[in-house]
Every structure is written in C-alpha cells, then in structure tokens.
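Student: The structure that follows is given in the form of structure tokens.
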Protein chains: 2
Amino acid sequence: MNMVTATEAARSDTRHLAVLEAAVGVFARYGFRKASMDEVARAAGMSRQGLYLQFANKEELFRQALQHSLDTQLTAALAALSRTADGLEARLIAACDAWSGRFVGSQGADATDLMCASTSLAGATLTRYASEFESAVARAIANSPLDAYCAKADLCPKDLARTLHATARGLKQSCVTRAEFVKGVTVVARMFCAPLNQRG
Amino acid sequence: MNMVTATEAARSDTRHLAVLEAAVGVFARYGFRKASMDEVARAAGMSRQGLYLQFANKEELFRQALQHSLDTQLTAALAALSRTADGLEARLIAACDAWSGRFVGSQGADATDLMCASTSLAGATLTRYASEFESAVARAIANSPLDAYCAKADLCPKDLARTLHATARGLKQSCVTRAEFVKGVTVVARMFCAPLNQRG
DNA sequence: ACTTGACAATATAGCGCCATATTGTCTAGA
DNA sequence: TCTAGACAATATGGCGCTATATTGTCAAGT
C-alpha cells in the first residue's frame, strides 16, 4: 500500500466515521424508525444516495452507527481507566461517565424504540461491549489496592464492576441532568474507594 | 365505638386489604389495561359487583392497590431499618430488598404499562413514597457511625441514600432473578459500610 | 352485605382502504 | 466518486367499520 492509497484510505475512513457520527446524532434524537435516511444524509452533508453507496440499508447503517458509538464510549472509558496518574475514584467516575453518561439528558419518547432496535439488530454486540466495559472496570479494581479489601469483604472486583454498572444504569434512567448523573456516580465511586483512604 | 362495631370494622378492613392484595397480584401480572375487573374479582374470591361496592371504578381500585403495595413495601423497609440489633449493612440490604425487590423476576411486557399507569394515576403518591424511602435510609445512615465518614468524604447521608436507591433501580431493570438482585444490593451496601469495618 | 343476571355505554382489537412517507434501486450526469 | 432526479416497492399513519371484551350500572334475589 503506497502513500496515495494510504492517504485516500485514511481520508475515506475519516469521512466514514463522520457519517457515522452524524447518524448517531440523528438516531439518538429521533429513534430508529422515525429517523429517515434523508435526515441522516442532510446531517452528514451528503446525498441520500451517497449513504446507500456506503451502507447496504438502514439496518446496516444503524448497526454500524451503534457499534461506532459503543466503540467510542468504550474507548473513552478504557482511556479513563488507564490514566493511572489519577486515583482510582477519579478513573471510575470518568469511565462510568464516558460509558453511560453521553445521552443522559437527551432521552425522549423514542428511547424504547432505540433500545428495542438495538437489541434486535445488534443485541450480541450490545452485550459484548457492556461485558467488556465491566471487565475493564473489574481489571482496574483488581490492579488497585482495593483488590485486597475486596477479598477481605468476600467480594471480587467483578462484583464491584457489575454493581457499579447497575448504578450507572439506574442513574441514567432517573437523572434529568448530566450533572445529577455525575454526582450519583461520584457517590458510589467515592464510597467504593473508601477503604483506600483509611488505614487498614 | 363498641366491641361489635370495632370487630366488624377490623374484619371489613382485613377483607379490604385482602382484596387489594389480590388486585396487586393481578395488576402485577397483567398490567393495568389487560387486567380485568373480572380477573381481580375471581382472584379475590368475590363477584365483580362486590368490587364496585368497595371501589368506585377501576382507576380507584388501581390507585388503592398501588398505594397498598407501596405502603407494604415502605413499612417493611422501615421495619428492616429499625432492627438496630443488626448491623447497618444488613439493614440496608433488607430495606432495599423490601422496597424494590418484590417484583424483580416477574416483570413482563406489561411493565411499561404499569409504570405509565402508576405515574399518570398516582404519580404524586409514587414519588412521595420513593422520597420517604430515601429519607428513611438517609436517617439510618445519619444515625450510624457511617455519618462521620460521610462528612469526611464531603458527602451527606442523603447522597448515599439517593445513590443506593439508584443502584436498586438499575439492578431491578437488569437482574433476571431475585438472588442476583440481592447479590448486587449486598455489594453496594457492603462497600458503603466498608469504613465501619476498618480503623479510621 | 353480597350475589346473580342482565343491560347500555364504552374500550379494544382487528380489518381493509387510502394517502402519504420512506426505502431501496436505477439511470444519467458532473 | 459523488449528486440529481426519477421510480417501484414497501412501510406507515389515519380513518371508518365491525366484532368482541370490558366497564359501569341496574333490579331482583338471598
């Protein structure tokens, strides 16, 4: 692969991602059914036919947009977890926010539609990413001094990760503002990390 | 009020509550719309007209059944919280389970219907009970040694209670079995109570 | 005090039909 | 490589209609 094709591939890839970003925005606002290919094309600044040249159909576009969104969120969460310069508490908060916080304030009446479409069109992907998130959180905990306390409390890092994730889900469904969400996540993370701030 | 009327009132009240119990079961299984007065009457072992002698209409029956269910759950939660012989962790677990755990495994396709009907027919009652639950949890925390740690962590008992409640909500929506739910609640409660098990 | 059987009023589910919106595909062209 | 315009196939929402189920209310009986 020479320079030209590499550059072209990179540019085409960038364009591809930009389209997916636009699609994510439109799907998030209108849900799966009420979002039209026309709307997505306009948001991406291209023609409707341009979309069909890149994606076989609406379902495929949705699948890729969903996967891109999940990928972005998971990548950001992993990045947050790997900032070992920060304390575990800050990393957990940032990770949960990156993973679950993005669409907190903006879920309308189409939320059920989105969840339904996501599970029916890419349920496996969805659960796979969620599981990867929990595993990464569990690893971060296992590689921290908190791991020792877990054992003492007859718990494993995986348990903490799962419950942290459940808390994020609960907050997502009950919080109106993102600030509220972050506040809630901060509370769990801080309490989970409490053993680190005391002499054991 | 003499003995006879008092006894009669008590018996009538017991009957009333038994009918509400039956109604709760039917509504929980079928949702609001798909549950028929006929079904409730059969479950309560009485005639459909008997229901209309006690409740003005279906909405009123639902409101009272919901309130009775909330009342039962809140009462059980308060009782759990007041068992000061137990440690805070056990009390928090029992309280969350009593408040949120009852219908964990049994939520079918009519769950949305139930939530929608509940909020539209008795939204104020719903939020009032939820708020009372959180306040009671907050009080239990404030009256425990954990209160001191809260202050040190720049948090208040109310924050912990709210987040605990959010965790219960998240678990309720993601757990398939009640055991799973209790396990998740145990994890948060144990970690929240961690500061009590260490020398500060 | 509750049941039974009946009743009209109303809600619900299903169906077909129509108008419209959207999808997915094509051709021609910049 | 993308756009523009057109196209059939299909999905969707609305409307009227029918059949059925359910609600809410009777009168009569126990």
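The values are calculated or read from the model by the stated rules, or taken from the named source; none is laboratory data. Keep in mind that what you see is a predicted model, and the values were worked out from it rather than measured. Note: ideal-geometry Cβ built from the backbone for every residue, glycine included; neighbour counts use all protein chains shown.
Student: Which one is surrounded by the fewest Cβ atoms within 10 Å (Cβ to Cβ), of the residues in the stretch B:158-186 that are assigned to a helix (DSSP H, G or I) and away from chain A (no Cβ under 13 Å)? Steps first, please.
Tutor: In the first step, residues of the stretch B:158-186 are kept if they are assigned to a helix (DSSP H, G or I); the result is B:158-174, B:178-186.
Narrowing the set further to residues that are away from chain A (no Cβ under 13 Å) leaves B:178-179.
Values: B:Arg178: 15, B:Ala179: 11.
Residue satisfying both the conditions and the ranking: B:Ala179.
Student: Considering only residues of the stretch B:17-55 that are part of a loop (DSSP other than H, G, I, E, B) and more than 9 Å from DNA strand C (Cβ to nearest atom), which is nearest to the chain's Cα centre (by Cα)?
Tutor: So the first thing to find is which residues in the stretch B:17-55 are part of a loop (DSSP other than H, G, I, E, B), and the list is B:35-36, B:45-47, B:55.
Subsequent filtering for residues that are more than 9 Å from DNA strand C (Cβ to nearest atom) retains B:35-36, B:55.
Working: B:Ala35: 21, B:Ser36: 24, B:Phe55: 23 Å.
Ranking the qualifying residues of the stretch B:17-55, first place goes to B:Ala35.
Student: Of the numbered conditions (1) crowded, with 16+ Cβ neighbours inside 10 Å; (2) more than 26 Å from A:Lys158 (Cβ to Cβ); (3) at pLDDT below 95, B:Leu126 satisfies every one except a single condition; which is it?
Tutor: (3)
Student: Can I ask one more? Checking the conditions here, which among B:Leu92, B:Leu53, B:Leu81 is out of contact with any helix residue (DSSP H, G or I) (no Cβ under 6 Å at 6 or more places or on another chain) and either touching a residue at least 12 places away in the same chain (Cβ under 8 Å) or among the aliphatic types (A, V, I, L, M) (or both)?
Tutor: Numbers: B:Leu92 fails: out of contact with any helix residue (DSSP H, G or I) (no Cβ under 6 Å at 6 or more places or on another chain); B:Leu81 fails: out of contact with any helix residue (DSSP H, G or I) (no Cβ under 6 Å at 6 or more places or on another chain).
Answer to the selection: B:Leu53.
Student: Among the numbered criteria (1) in a helix (DSSP H, G or I); (2) within 13 Å of chain B (Cβ to nearest Cβ), which single criterion is violated by A:Leu155?
Tutor: (1)
Student: Let me ask another. Return the pairs, sorted by first residue and then second, in which the second residue is of a type in the set (A, V, I, L, M, F, W, C) and more than 8 Å from DNA strand D (Cβ to nearest atom), the first residue lies in the stretch B:24-36 and is within 14 Å of chain A (Cβ to nearest Cβ) and touching a residue at least 40 places away in the same chain (Cβ under 8 Å), the beta carbons are less than 6 Å apart, and the residues are 6+ apart or on different chains.
Tutor: Final answer for the pair search is none.
Student: Next up: I need the full set of residues from the stretch A:56-78 which are out of contact with any helix residue (DSSP H, G or I) (no Cβ under 8 Å at 6 or more places or on another chain) and either among the basic types (Lys, Arg) or within 16 Å of DNA strand C (Cβ to nearest atom) (or both), in order please.
Tutor: A:Ala56, A:Asn57, A:Glu60
Student: Working only within the stretch B:172-187, note down all residues that are free of Cβ contacts under 8 Å to residues at least 60 places away in the same chain and within 21 Å of B:Leu88 (Cβ to Cβ).
Tutor: Scanning the stretch B:172-187 gives B:Lys183, B:Gly184, B:Val187.
Conditions tested, residue by residue: (1) crowded, with 17+ Cβ neighbours inside 10 Å; (2) out of contact with any Lys or Arg (no Cβ under 9 Å at 6 or more places or on another chain).
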position	(1), (2)
A:Thr72	no, no
A:Ser82	no, no
A:Ala90	no, no
A:Trp99	yes, yes
A:Gly105	no, no
A:Ala111	no, yes
A:Leu114	yes, yes
A:Ala117	yes, no
A:Ala122	yes, no
